[in-house]
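The values are calculated or read from the model by the stated rules, or taken from the named source; none is laboratory data. Please read all numbers here as calculations on a predicted model, not as lab measurements. Note that we place each Cβ from the backbone using ideal geometry, even for glycine, and neighbour counts take in every protein chain shown. These area figures cover heavy atoms from the full protein model, side chains too; ligands, DNA and RNA do not enter into them. Shrake-Rupley method; radii C 1.70, N 1.55, O 1.52, S 1.80 Å.
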Amino acid sequence: DTEGLLRIKEENQKHYRRAQRHQEKKEKIQRHNRKLGELVEKKTYELKTQYEHLANLRRTHILELTSVIFPMEEVKTSMRDPADVSSESDNAMTSSTVSKLAEARRTTYLSGRWVCDDHNGDTSISITGPWIILPNNGDYSAYYNWVEEKKTTQGPDMEHNNPAHTISAALCYATQLVNTLSLILDVNLPKKLCNRQVKTQQGEFCGENLSRHRFTRAVKKLNANILHLCFSQHVNLDLLHPLHTLRNLMYLVSPDTENLGR
């Protein structure tokens, strides 16, 4: 029994010495982990600072781009309300009917509910200059209507200021701006749109007259890219409308957009 007791004591001493070595190793690992934790925290702070610096640089570049090269502003148009025209042609129409027509014109069905849209049709948005404008409500039917008329009308085109030319130019500039913004913000666009003319490839809006199908398809792709950029920069969703091409762009590059450049 005494010999057995001695053997047990020796084994216990070996286990104790081993436990001390494990404890020292454990403390060493804990010190190493604390150092790594402090280093990761420091690097995380530095990375966050760099992200903020990069966001400020992107924001500065975007604001310079949209103020010098691609300025956009709202342009009031002189369009007459259809309710007013109808009331003049029909003297029997009551004032309540006129007001209801005017209210219906300023109402849009959006996200499952009817909302008031004061910008629906009575304003336009200009890009790069007051002479290149797009209807605010996204109605670009003047373009393909003009294209269809040109198919049946022979002779040179002398109408340099017709709506089809301004719509085409504005959409071309908008495409160029969106592609540039995607590079600055490092955001991949879901739809591919070309904005330049080269020997092997022609821009979507800056070349030959597009058919109604091709034009509508290109506009949808452009609107999808703009919305994607707006979502990436956390633009307030209540401000966006899927058809308002340049207005959505204005909200995206507005100085009031807090997360622009993220």
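Below is a table of values for the structure above.
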read-out	value
Residue match in region 5-28 (condition: at pLDDT 90 or above, among the hydroxyl-bearing types (Ser, Thr, Tyr) and open to solvent by 60 Å² or more (accessible area, probe 1.4 Å))	yes
Pairs with Cβ under 7 Å, 6+ apart, first in region 127-143 and in contact (Cβ under 8 Å) with a residue 24 or more places away in the chain and over 18 Å from Leu239 (Cβ atoms), second open to solvent by 20 Å² or more (accessible area, probe 1.4 Å) and part of a loop (DSSP other than H, G, I, E, B)	Thr128/Pro71
Residue within region 30-44 that is of a type in the set (D, E, K, R) and either under 30 Å from Asn137 (Cα atoms) or in contact (Cβ under 8 Å) with a residue 12 or more places away in the chain (or both) present	no
Asn137 vs. criteria under 29 Å from Phe231 (Cβ atoms), open to solvent by 40 Å² or more (accessible area, probe 1.4 Å) and either at pLDDT 65 or above or not charged (D, E, K, R) (or both)	yes
Subset of region 31-60 [acidic (Asp, Glu) and over 21 Å from Leu181 (Cβ atoms)]	Glu38, Glu41, Glu46
Residue count for region 205-262, restricted to those that are in a loop (DSSP other than H, G, I, E, B), surrounded by 17 or more Cβ atoms within 10 Å (Cβ to Cβ) and not aliphatic (A, V, I, L, M)	7
Residue list for region 57-76, filter: surrounded by fewer than 12 Cβ atoms within 10 Å (Cβ to Cβ) and either in contact with an Asp or Glu (Cβ under 8 Å, 6 or more places away or on another chain) or touching a residue at least 60 places away in the same chain (Cβ under 8 Å) (or both)	Lys76
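Residue-by-condition table, conditions (1) closer than 29 Å to Ile184 by Cβ; (2) of a type outside the set (D, E, K, R); (3) surrounded by 10 or more Cβ atoms within 10 Å (Cβ to Cβ); (4) in contact with a strand residue (DSSP E or B) (Cβ under 7 Å, 6 or more places away or on another chain):
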{"position": "Glu38", "(1), (2), (3), (4)": "no, no, yes, no"}
{"position": "Tyr45", "(1), (2), (3), (4)": "yes, yes, yes, no"}
{"position": "Lys48", "(1), (2), (3), (4)": "yes, no, yes, no"}
{"position": "Leu54", "(1), (2), (3), (4)": "yes, yes, yes, no"}
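Residues checked against (1) modelled with pLDDT of 85 or more; (2) of a type outside the set (D, E, K, R); (3) not in a helix (DSSP H, G or I):
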site: Glu52; (1), (2), (3): yes, no, no
site: Thr60; (1), (2), (3): yes, yes, no
site: Thr66; (1), (2), (3): yes, yes, no
site: Ser96; (1), (2), (3): no, yes, no
